[in-house]
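None of the figures in this text is laboratory data; all of them are computed from the coordinates on show. All of these numbers come straight from a predicted model, not from anything done at the bench. Quick reminder, even Gly has a Cβ in these numbers, built from the backbone with ideal geometry, and neighbours come from all protein chains shown.
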Amino acid sequence: MKTSYESAPPYVTKDGSKIRELMHPAEHGNANQSLAEARVPAGAETLLHKHRSSEELYHVTAGWGLMVLGDETFPIVPGDTVHIAPGTAHGLINDGDETLVVLCCCAPAYSHEDTELVEREPSESAGN
């Protein structure tokens, strides 16, 4: 099975990310995982969230920013890959001046139902 970028219309996920599902079982017939491209504009951030079942890999392809992963916040740049275990709160903060582009692989595949929003602590913000 092959898909094309142009055939994957962008949509907004529960965490506020604008993504394109490049491959997803609900659309393409693959069995156990999904692959999406997320774009976070300069100065924006995703809502902190976690997945009850899905394990994720984020791979940065363009831009730079901060990755919030559990109790840690650290810089991410093109070429970085981050493992996100099920149940781990995470989010992206684009503190750069260009769009942050991340490939997101989920197993099992991404679903809104598996996504739970998490409240940020008052000290957690893009400026801190």
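Data overview
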quantity	calculated
Over 27 Å [Cα-Cα, the chain], rounded percent	13 percent
Local net charge near residue 101, Cβ-Cβ under 10 Å (Lys/Arg +1, Asp/Glu -1)	-1
Share of alpha-carbon pairs per 10 Å distance bin for the stretch 20-59, given as whole %	23, 49, 25, 3
Chain lengthening between residue 114 and residue 47 when straightened (0.36 nm per residue, less Cα-Cα)	22.6 nm
Theoretical gain in end-to-end length, residue 30 to residue 12 [0.36 nm per residue, Cα-Cα removed]	4.3 nm
Rough spin-label spacing in nm, given labels placed 7 Å along Cα→Cβ, for residue 71 and residue 57	2.8 nm
About the Cα centre, charge dipole magnitude for the chain (Lys/Arg +1, Asp/Glu -1 at Cβ), debye	360 debye
